[in-house]
1. What is the angle, in °, between the Cα long axis of helix 113-143 and the longest principal axis of the Cα atoms in the chain? Nearest 10 is fine, range 0 to 90.
2. Would you compute, from DSSP H runs of 4+ residues alone, the mean residue ellipticity of the chain at 222 nm, taking -39500 (n - 2.57) per run and dividing by the full residue count, rounded to the nearest 500?
3. Distance from a point 7 Å along Cα→Cβ of Ile25 to each backbone N in region 73-88: keep the residues under 18 Å and list them by number.
4. Which order do the peptides 159-168, 45-54, 115-124 come out in when sorted by mean C-beta neighbours inside 10 angstrom, highest first?
5. On a 0 to 90° scale, report how tilted helix 89-109 is relative to the longest principal axis of the chain, with both axes built from alpha carbons and the result rounded to the nearest 10.
6. List every residue whose amide H lies under 5 Å from the amide H of Ile71, counting only residues 5 or more places away in sequence or on a different chain, with H placed 1.01 Å from N in the peptide plane.
7. When a footprinting reagent is the concern and you count Cβ atoms within 10 Å, what order do Met42, Met22 take, fewest first?
8. Could you tell me which label, among [x] 60, 35, 30; [y] 43, 35, 31; [z] 161, 35, 22, carries the value of Cα extents along the principal axes in Å calculated for this structure?
Amino acid sequence: MTKVISKNKTSDIVYIGIFAAMISICSWITIPATIPFTLQTMGIFTAIGILGGQRGTLAVLTYILLGAVGIPVFSGFSGGIGIIFGTTGGYIIGFLFSAILMWGIEAIFGRNQIVFILSMIAGLFVCYAFGTAWFMIIYTQQSGFIELSTVLGWCVIPFLIPDFIKMAVALFLTKRLKKICQ
């Protein structure tokens, strides 16, 4: 019995580390566009879809903590607490709130495709809401007042279609890889 519990804990730690690394790699992949975007959200959603709410959330938390201590895991090979306390840091913290929400939805409604899709949409909304509020507060402190519509135009609207595409890819990957990591 002890070996089974120990093996499960060890494999959990390994999977959490692998998916934290995958999220990091996804954050480094930048798709050029008018406003470039990364694959971070796809990494977040895939981690939770494959690992489940608890382990997926721990992978997201590990990713954020690695970046906070200065390891360059954030977009543009950046890291450090200054990134988190910068204008776009709220979106990084928002990833954790997204993961926690998705975990909660999974705990209440179970794990199936429809629940996963709805939890990704809810998680994205939470990330956008937290990140946008954070952006407005930090930007106002640093540069002066900014309209909500301006922030939405900069930080949310251009990313809606790419984020829904990333959700579709995360759903596809989750369906294909879920059995491997159980």
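Read-outs throughout are calculated quantities, based only on the coordinates presented, and are distinct from any laboratory measurement. Computed from a prediction, not measured in an experiment: that's the story for all the values here. Cβ sites come from the backbone with ideal geometry, for glycine too, and all protein chains shown count toward neighbours.
1. For 113-143 against the chain, the angle is about 40 degrees.
2. Details: 8 runs with 137 residues, N = 182.
One gets -25500 deg cm²/dmol as the mean residue ellipticity at 222 nm.
3. 73-78
4. 45-54, 115-124, 159-168
5. 40
6. Gly80
7. Ranking Met42, Met22 by Cβ neighbours within 10 Å, fewest first, gives Met22, Met42.
8. Read-out taken from this structure: [x].
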